[in-house]
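Everything on this sheet refers to the single structure shown next.
The values are calculated or read from the model by the stated rules, or taken from the named source; none is laboratory data. Treat the numbers as computed from the prediction; the structure is a model and nothing was measured. Note that we place each Cβ from the backbone using ideal geometry, even for glycine, and neighbour counts take in every protein chain shown. For accessibility, only protein heavy atoms count, side chains too; no ligands or nucleic acids. Shrake-Rupley method; radii C 1.70, N 1.55, O 1.52, S 1.80 Å.
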Amino acid sequence: MSKNKIIQTVNEIANLAKSKGIAHLNTQDKKLKKNYITLNNKKVINFGSCSYLGLEFETDIKEAAKAAIDNYGTQFSSSRAYLSPIFYQSLEKKLNEIFEGHVMVAPTTTLGHIATIPVIVDKNDAVIMDHQVHNSVQTAVGILKSKNVHIELLRHNRMDLLEQRIQYLRDKHEKIWYMADGIYSMYGDPTPLDDVYALLDTYEKLHFYVDDAHGMSCYGDKGQGYVLSEKKMHQRMIVATSLNKAFASGGGAIIFPDEAQMQLVKNCGGPMITSGPMQPSALGAANAVADIHLSGKIKEYQEQLEDNIRYTSLMLKKHNLLNMAHDKTPIFFIAVSLPIIAHKLIQRLKEDGFFMNLGIFPAVPIKNTGVRFTITRLHTFKQIESMVGRMAFHFKEVLAEENVQLIDIYKAFRIKYNPPVNFVEKLDSRVNKSGLILRAYKSISDISSEKWDKLLGVRNGLDANNLALLEASFSNNQLAHQNWNFDYVIIEDQKGNPVLATFFTETLSKDDMLADKQISYDVEVMREKNPNYMVSKTLYMGSQVTEGNHLYLDRASKEWPQAMKLLFQKINELQQQYGPANTIIRDLDNNDEEMDKVMMNNGFFKMEMPENSRINDMPEWETEEDFYATLSKKKKGHFRRNILRTADSFDVRVETISDEKMVEKYYDLYLNVKHRSLEINTFALPLSYFKQIAKNEHWEIIALYINDSDEATTNEPVGMGLCYKGKTDYAFPIVGLNYELNKTYNCYRQILWQVVKRANELGYQNINMGFTSTMEKRHFGAKVFSSCAYMQINDNYELEALATMSTTKNREDGVNQRRVLSI
């Protein structure tokens, strides 16, 4: 999935949350009182604040901010390269003492990263980012791409993999930067500092850049944060932190091991030269907060926060709520799995007077959605107990409504399930009351072909005959990715009327299947060394070789929403059975907003499929001249130049194959195309598929032979189209070419023409011409249709790895090449 598609998905998720009143909210209070805020005319307790110590209400700090405004006005507008207000000098001196390092204060932590990372990382260095490192770090690293810096993603906290990559990269790069968070923002889990420091001591080329924003002020005798409270500053290490969370003022701070490095970034870091400074009020407040850190009072605040964290953990255990977060940080993440469960929980808790946050994609995999909340020093035990109690109540209610069991959530988060003591699930019987019956089958042969074909058989290639062919083709093959598991589902109402029908295949597939073809090219280079690189189990609705909407759904039935619920339960069962990394529901209507919401609520995000070309309702015609007359002036010119000019050079044969050697020849032509095409990057189809097609009367081959005196080419096919004669459509899903002759004779275009011609001969008005090469197909009257897929990813790592690209110069041959950089 490309960066643009990720942005589109995030936008849809955010808009859905906004429409439900749980995101992009605004307070209505003219004056705040501790941790109370007003939302939609209702006073609620704020469980979403990152000001963990609640210092923003301290009188001394507020007075310091006011005094700074009185003395310096609301702003001091000057680049720090020229002039800084007096507050900076005192603040950085105090922060030097707190961190025992050399501190540069930045307008924000993000701008601090953007100032620092492009200066400290050279073009000959390599960067390895933990794949959960904060987005602000990733943003700054993105700037390095213009310098051709080698960039990789590392699976979260995998120090074993980090060491492997250090060993691999150390001979190729001057420095290797590992970038991570001190405490990660979703689950509150810390970076394994002991392991990182051991690697720093072992490998001289390793450098450590760590963002400790969520640890700041909460840890350490001076509030120096999690990282520097656990370890002393390393000479090959830089720490970034935020003054805008528990520090309760504004801005960010970058801590360097020596003054020269700090001054280098001050002198050369873009935002330190071109961005405005922190404003007087924030600087005044920051100085006052720094004074608290340097006094013994900070420990008192930390202890109060620790008490609240411990109490919250006890309450969650008491009510059997699954907390995914580290139990010693103020960040909590209650696992719920599906977005719709989180949405309902947060809505109902808001009605009860508690404001919570949504933890969802892209911060976590979409099926690992949760309710994220934070605890501050300002919360009381009574507030915490009340909130957790109401959450536990609503949790059971919502699970019952969505017919989700606790074990399903444990499985979604890959945690061993031990039924909690005294946890009684309220299993909603509404689905059962509807009388819907889900019938599951392992083979199309177990279903009446007449019954199946009435539902999906009219859709090209989804009839019982072709599905039986697929089952025979994709079994008992040598290569794992050429063997598929099949599952069929029919859901009926009380009268036995089908409401929903579909089928699934489970197989190994390439994670870059729908990625940009340049990305796929780079991944294929990596696969030359490791054939399983970025290959995962995938559960498809439909299959990789069938096209069109694979879901029969009677939207006229009032039971269809319940049928969809049953379908999602079946998908969950299949996921538990097969353990796929990805689940893809394809090719559905791209403009179905109702379905978009159903899918999003159940953990599937939308993505566009490649465009598909079809000729619909083609008028009948007798001769080539009749067809020519239907074309536009521009298309007529194309037809004359590229079809008629070379038409006499071909002997066109419509064949069914009985000779196994001919099957292999056609298969070789197919492989010629497959190995050149990366727009939809799948594994090559097995030869067994072609052998099954050769025996099936519903398939035929349109083969091209060169019709001239050259005996070497006359007896060999130079192009072929595998075509399926469906109930309503003629389909052309597979093409094969001799590329040496394609340019001279326009073989591919001739195949397209022969497909149209053959469909007309057989009386078909609809031709499915497949994905890719849409411009070529338009010349014959095809129109482009868009569809969408809905995808569920169990691990964001592969997705982020594909989106993280870098342009790297190959220093051995001087050629610029793009590489996928991930571990």
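Only one of SER520, SER543, SER536, SER557 is modelled with pLDDT under 90 and not assigned by TED's automatic domain parsing to the domain that holds ASN11. Can you tell me which?
SER520
Within segment 645-671, being in a loop (DSSP other than H, G, I, E, B) and open to solvent by 40 Å² or more (accessible area, probe 1.4 Å) holds for ASP648, THR656, SER658, ASP659. Yes or no: VAL227 at pLDDT 95 or above, touching a Leu at 6+ places or on another chain (Cβ under 8 Å) and buried (at least 24 other Cβ atoms within 10 Å of the Cβ)? Yes: the conditions hold for VAL227.
Selection over segment 589-644 of residues that are of a type in the set (Val, Ile, Thr), within 19 Å of VAL755 (Cβ to Cβ) and open to solvent by 30 Å² or more (accessible area, probe 1.4 Å) gives a count of 2. Restricting attention to segment 24-43 and to residues that are within 20 Å of THR380 (Cα to Cα) and of a type in the set (A, V, I, L, M, F, W, C), the residue that is most open to solvent (accessible area, probe 1.4 Å) turns out to be LEU32. Among the residues of segment 7-23, just one is loosely packed, with under 13 Cβ neighbours inside 10 Å and small (Gly, Ala, Ser), namely SER19. Per the conditions (1) at pLDDT 95 or above; (2) within 22 Å of GLU471 (Cβ to Cβ), the sole criterion not satisfied by PRO580 is (1). For LYS727, state whether it is out of contact with any helix residue (DSSP H, G or I) (no Cβ under 9 Å at 6 or more places or on another chain), on the phi < 0 side of the Ramachandran plot and among the basic types (Lys, Arg). The answer is no for LYS727. For beta carbons closer than 6 Å, sequence separation of 6+ or different chains, a first residue in segment 204-220 that is open to solvent by 20 Å² or more (accessible area, probe 1.4 Å) and a second that is not aromatic (Phe, Trp, Tyr), the qualifying pairs are LYS205/ARG170; LYS205/LYS175; LYS205/ILE176; HIS207/LYS175; HIS207/ARG236; TYR219/GLY225; TYR219/SER229.
Every condition in (1) within 30 Å of GLN405 (Cβ to Cβ); (2) surrounded by fewer than 16 Cβ atoms within 10 Å (Cβ to Cβ) is met by LYS299 except one, and the failing one is (1). Which of the residues spanning segment 735-787 are at pLDDT below 90 and open to solvent by less than 10 Å² (accessible area, probe 1.4 Å)? The answer is GLY770, and nothing else. Taking the criterion of being open to solvent by 20 Å² or more (accessible area, probe 1.4 Å), over 24 Å from the mean Cα position of the chain (by Cα) and closer than 22 Å to SER313 by Cα, the only residue of segment 398-413 that qualifies is ILE407. ALA480 meets each of the listed conditions (1) more than 22 Å from TYR724 (Cα to Cα); (2) of a type in the set (A, V, I, L, M, F, W, C); (3) open to solvent by less than 10 Å² (accessible area, probe 1.4 Å) apart from (3). Name the single residue, out of those in segment 672-690 being assigned to a helix (DSSP H, G or I) and touching a residue at least 40 places away in the same chain (Cβ under 8 Å), that is nearest to the chain's Cα centre (by Cα). Here the answer is VAL673. Considering only residues that are assigned to a helix (DSSP H, G or I) and either touching a residue at least 24 places away in the same chain (Cβ under 8 Å) or at positive phi (or both), which ones fall in segment 407-418? Residues satisfying the conditions are ASP408, ILE409, TYR410, LYS411, ALA412.
The condition (being over 22 Å from the mean Cα position of the chain (by Cα), closer than 30 Å to ILE273 by Cβ and of a type outside the set (Gly, Ala, Ser)) is satisfied by just one residue among VAL127, VAL149, VAL196: VAL149.
Residues of segment 721-733 that are in contact with a Gly (Cβ under 7 Å, 6 or more places away or on another chain) and in contact (Cβ under 8 Å) with a residue 40 or more places away in the chain: TYR724, GLY726, LYS727, ALA731, PRO733.
Which of the following residues is of a type in the set (Gly, Ala, Ser), open to solvent by 20 Å² or more (accessible area, probe 1.4 Å) and closer than 22 Å to ILE734 by Cα: GLY548, GLY579?
GLY548
Among the residues of segment 328-347, write down those that are open to solvent by 10 Å² or more (accessible area, probe 1.4 Å) and in contact with a Lys or Arg (Cβ under 8 Å, 6 or more places away or on another chain).
Let us first name the residues in segment 328-347 that are open to solvent by 10 Å² or more (accessible area, probe 1.4 Å), namely 328, 338, 340, 344, 347.
Listed by number, the residues that qualify are LEU338, GLN347.
Among the residues of segment 58-80, which ones are at pLDDT below 95 and surrounded by 13 or more Cβ atoms within 10 Å (Cβ to Cβ)? Correct list: GLN75, PHE76, SER79, ARG80.
When segment 368-385 is limited to residues that are of a type outside the set (Phe, Trp, Tyr), touching a residue at least 24 places away in the same chain (Cβ under 8 Å) and assigned to a helix (DSSP H, G or I), the one that is farthest from ALA581 (Cα to Cα) turns out to be GLN383. Is at least one residue of segment 285-304 in contact (Cβ under 8 Å) with a residue 60 or more places away in the chain, basic (Lys, Arg) and over 26 Å from LYS175 (Cβ atoms)? Yes, segment 285-304 has at least one match.
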